[in-house]
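Below is one structure, written out as structure tokens; the observations come after it.
The values are calculated or read from the model by the stated rules, or taken from the named source; none is laboratory data. As the structure is a computational prediction, the values presented were derived from the model and not from experiment. Neighbour counts run over all protein chains shown; Cβ positions are idealised from the backbone, glycine included. Note: areas computed on protein heavy atoms with side chains; ligands, DNA, RNA excluded. Shrake-Rupley method; radii C 1.70, N 1.55, O 1.52, S 1.80 Å.
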Amino acid sequence: MPLHVLLVEDSPTQALRIQLELLRHDLKVEIASTGTRTLAAVHNSPPAAIILDVDLPDTTGYTLCRTLKSDPKTAHIPIVMLTHRDAAQDALAGLDVGAEDYIPKDAFAEQNLVEALRQLGIL
Amino acid sequence: MENALDVVTMRQEVRQLARDLGLGLIPQAKISTAVSTIARALITAQGSTTLSLQADERAARPALNITWPLSSNGTPEHLAHLEQVIQFDSTRSLVDEASLISDSHGALLTLRMWLNR
């Protein structure tokens, strides 16, 4: 049975691109486009991992990551932040709230995401 | 490196080197982000930049060393300016050791990530 990951991304185009890449690796991908939908999805059906954008319509990925990592029911779920924000203070902020990885959305994003999931034991 | 594409390519090379040397995801993210932040700032400030990567696995404390020669007149004021340009406070927080030293001939930025963690 394929593992299921939750992709938190409010851009349909980017979500589709990432989803297609992960489907190639036999992962089941659920997509949430807001923080509210993310929290509902995580509690309804805890994923093996969460891929988390930073810029969301109703919150930030930093706040969402902090919330998930401070909840005993969801703290164990690995979170990989995937974002256009690639400055030093952005990465520090993401890792400080408990993300297991911080990946810039550049030409190598999908490759790095797959490798991160592999190192986390998801793939 | 001379442009954004060079920065992205170098960031990826540093990330992969860190992974090949056995560093985990968080150190990979940290060192690659530090390199890209500094590189981008230096390209903006001076048009291009060059760095050296060296994995010293045989040292008493094995490390990934990144060294960056920078132009400097050696004055404390210029050193302070360089620190501001490369966002040294933020970038040094991403690595295990960072130093920026200068004399009348120039400056040398060194970033270090321990390999045996």
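A compact table of results
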| item | result |
| --- | --- |
| Accessible area buried at the B-A interface, both sides summed, 1.4 Å probe (Å², nearest 100) | 1700 |
| Choice from A:39, A:23, A:52 with maximal GNM fluctuation in chain A (Cα, 10 Å cutoff) | A:23 |
| Solvent-accessible area, 1.4 Å probe, carbon plus sulfur percent, for segment A:1-90 | 56 |
| Chain B: angle of helix B:4-20 to the longest principal axis, Cα-based, in degrees nearest 10 | 40 |
| Contour excess over end-to-end distance, with Cα ends at residue B:73 and residue B:55 and 0.36 nm allotted per residue | 3.5 nm |
| Percentage relative contact order, chain B, counting C-alpha pairs under 8 Å, at least six apart | 27 |
| Residue among A:104, A:72, A:47 with the largest mean-square fluctuation in a Gaussian network model of chain A, springs linking Cα atoms under 10 Å | A:72 |
| Computed over segment A:3-123: relative contact order in percent, which uses C-alpha pairs under 8 Å that are six or more apart | 23 |
| Gain on full stretching of the segment that runs from residue B:114 to residue B:45 - 0.36 nm per residue minus C-alpha separation | 21.9 nm |
| Gyration tensor (alpha-carbon) shape descriptor, chain A, a/c threshold 1.5 | rounded |
| Peptide B:24-37 - average C-beta neighbours from other chains (10 Å radius) | 6 |
| Crossing angle, helix B:76-85 versus chain B [Cα axis fit, 0-90 degrees, rounded to tens] | 50 |
| Global form of segment A:1-71, assessed from the alpha-carbon gyration tensor, a/c cut-off 1.5 | oblate |
| Surface per residue (accessible, 1.4 Å probe) for segment B:42-117, Å² | 56 |
